[in-house]
Amino acid sequence: MKIKSVEPFILHAPLNTDSISDSTHTISHWGVVGAKIVTEDGLEGYGFTGTHAHLPSDRLITSCISECYAPMLIGEDAQDGDRLWAKLARYPAVQWVGRAGVTHIALAAIDIALWDLRAKRAGLPLWKLLGGATVDRLEAYNTDIGWLSIPKDRLVEGSLRSIEHEGFKRLKLKVGHADPMIDIGRIEAVRKAVGPGVTIAIDGNGKWDLPTCQRFCAQAEALDIFWFEEPMWYDDIASHVALARSTWIPIALGEQLYTAEAFNAFIASGAVHYVQPDVTRLAGITEYIQVAHTAHSSRLPVVAHVGDMGQVHVHLSYWHPATPMLEYIPWIKDCFAEPIRIEDGHYVRPQMPGAGCTLTKDAVAAFSKPC
Ligand SMILES: [Mg+2]
């Protein structure tokens, strides 16, 4: 498993609609930015992070891969995952300029590619390499019907379609208008249409402050909200503790946290109830496992955020015993040799050896950008 080459790539895959918005972001493409690692005997491992398809910042990631990490990996044994993770993550000069951010999500891509290689060498899908599935069927919840840019009538239509025709029983709606009562009206309309048996989570993408969240929650409690995701600024532990103490609505967060230490601080403070790590923002599968085990030992559920649109997380979620469900956003699935697939509101368990990241030739030809 001696590493022969590390080849970065950037793909910009169009969404299944012109564009979408939440309270903070508007995007038309999803960036699949990462590396192919090839061993001397010809095995190919793929790993990637997810971006907003902004080429200048995507190139910072691929530059970190080719300039910083590739020279440290060539000639190494890809089997030595933990040692290689530490070699890259704790390399003094790189650590000096970034224990989070660009260097960290570049490492995510590398770490995932190394896991992909090891699973392929073992001839096993990642979930099986990790120890096997802990559930027969993994439930999915649908985020792709709930964007803030969708008008209220279409929000209700999409929610009903999702429940009645696609088999979902769990939805997530974005919130974060300047007037939170507009969001209450949207949630009320969906709750009225889908009835009491459907799970509705909401996601603020960090937009509001503490008083706005408290005013909103006082109204939203009557609507049976499953969780309130990223209510406030991503790193503000104290405000999340205060909110958690003032409402019974559970707090979910983690998609913007880069390190296991950041998760430790939120968990230890009682500032989070649903822990949402993302392999594409943490430094890959290796650090995700640390976070998932920490959450599990604190008796908290782990529900990954899908910066990878589920390709890797479906493996981790089938395996990890603290995981009751996984987010579903189907934007980039057709870029991969084994795309994520939903049947009756549940993820189909992957069967191909690897971590679900092997790109198709067609996707590379159609969506590649120069690194
Ligand atoms: Mg979110």
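Per the listing 230, 255, 166, 188, the residue uniquely surrounded by 15 or more Cβ atoms within 10 Å (Cβ to Cβ) and more than 20 Å from residue 22 (Cβ to Cβ) is 166. Scanning the stretch 77-108 for residues that are surrounded by 16 or more Cβ atoms within 10 Å (Cβ to Cβ), over 22 Å from the mean Cα position of the chain (by Cα) and among the β-branched types (Val, Ile, Thr) gives a single hit, 94.
Residue 265 meets the conditions (1) farther than 24 Å from residue 22 by Cα; (2) within 16 Å of the ligand (Cβ to nearest atom); (3) small (Gly, Ala, Ser) in every case but one. The failed one is (2). Under the condition of being touching a helix residue (DSSP H, G or I) at 6+ places or on another chain (Cβ under 6 Å), free of Cβ contacts under 8 Å to residues at least 60 places away in the same chain and surrounded by fewer than 24 Cβ atoms within 10 Å (Cβ to Cβ), the residues counted in the stretch 271-301 number 3. Here residue 234 clears all of (1) touching a Gly at 6+ places or on another chain (Cβ under 7 Å); (2) hydroxyl-bearing (Ser, Thr, Tyr); (3) away from the ligand (no atom under 14 Å from the Cβ) except the condition numbered (3).
Residue 193: closer than 22 Å to residue 139 by Cβ, within 14 Å of the ligand (Cβ to nearest atom), at pLDDT 95 or above and small (Gly, Ala, Ser), yes or no? No. Test residue 249 against the stated conditions and say whether it is in contact with a strand residue (DSSP E or B) (Cβ under 7 Å, 6 or more places away or on another chain) and either modelled with pLDDT of 95 or more or away from the ligand (no atom under 16 Å from the Cβ) (or both). So residue 249 fits the description; yes. Filtered by the rule that a residue be within 16 Å of the ligand (Cβ to nearest atom) and either hydrophobic (A, V, I, L, M, F, W, C) or out of contact with any His (no Cβ under 7 Å at 6 or more places or on another chain) (or both), the stretch 252-261 gives 252, 253, 256, 257. Residue 29 - would you say it is under 17 Å from the mean Cα position of the chain (by Cα) and either at positive phi or at pLDDT below 95 (or both)? Here the answer is no, as residue 29 does not meet what is asked.
Taking the condition touching a Phe, Trp or Tyr at 6+ places or on another chain (Cβ under 9 Å) and either surrounded by fewer than 23 Cβ atoms within 10 Å (Cβ to Cβ) or among the aromatic types (Phe, Trp, Tyr) (or both), does residue 267 pass? Criteria not met by residue 267.
Could we say that residue 273 is touching a Pro at 6+ places or on another chain (Cβ under 6 Å), within 16 Å of the ligand (Cβ to nearest atom) and farther than 17 Å from residue 127 by Cα here? Yes, satisfied.
For residue 70, are the conditions met, namely being under 25 Å from the mean Cα position of the chain (by Cα), more than 18 Å from residue 279 (Cα to Cα) and of a type in the set (Gly, Ala, Ser)? Yes. Within the stretch 342-355, residues that are free of Cβ contacts under 8 Å to residues at least 12 places away in the same chain reach partners that are surrounded by fewer than 17 Cβ atoms within 10 Å (Cβ to Cβ) with beta carbons closer than 6 Å, at six or more positions or on different chains, in the pairs 348/341. If you take the residues of the stretch 5-28 that are more than 29 Å from residue 183 (Cβ to Cβ) and surrounded by 15 or more Cβ atoms within 10 Å (Cβ to Cβ), which of them is nearest to the ligand (Cβ to nearest atom)? Among those residues, the one meeting the criterion is 13.
The values are calculated or read from the model by the stated rules, or taken from the named source; none is laboratory data. The model shown is predicted, which means the values in this text are computed figures rather than measured ones. Note: ideal-geometry Cβ built from the backbone for every residue, glycine included; neighbour counts use all protein chains shown.
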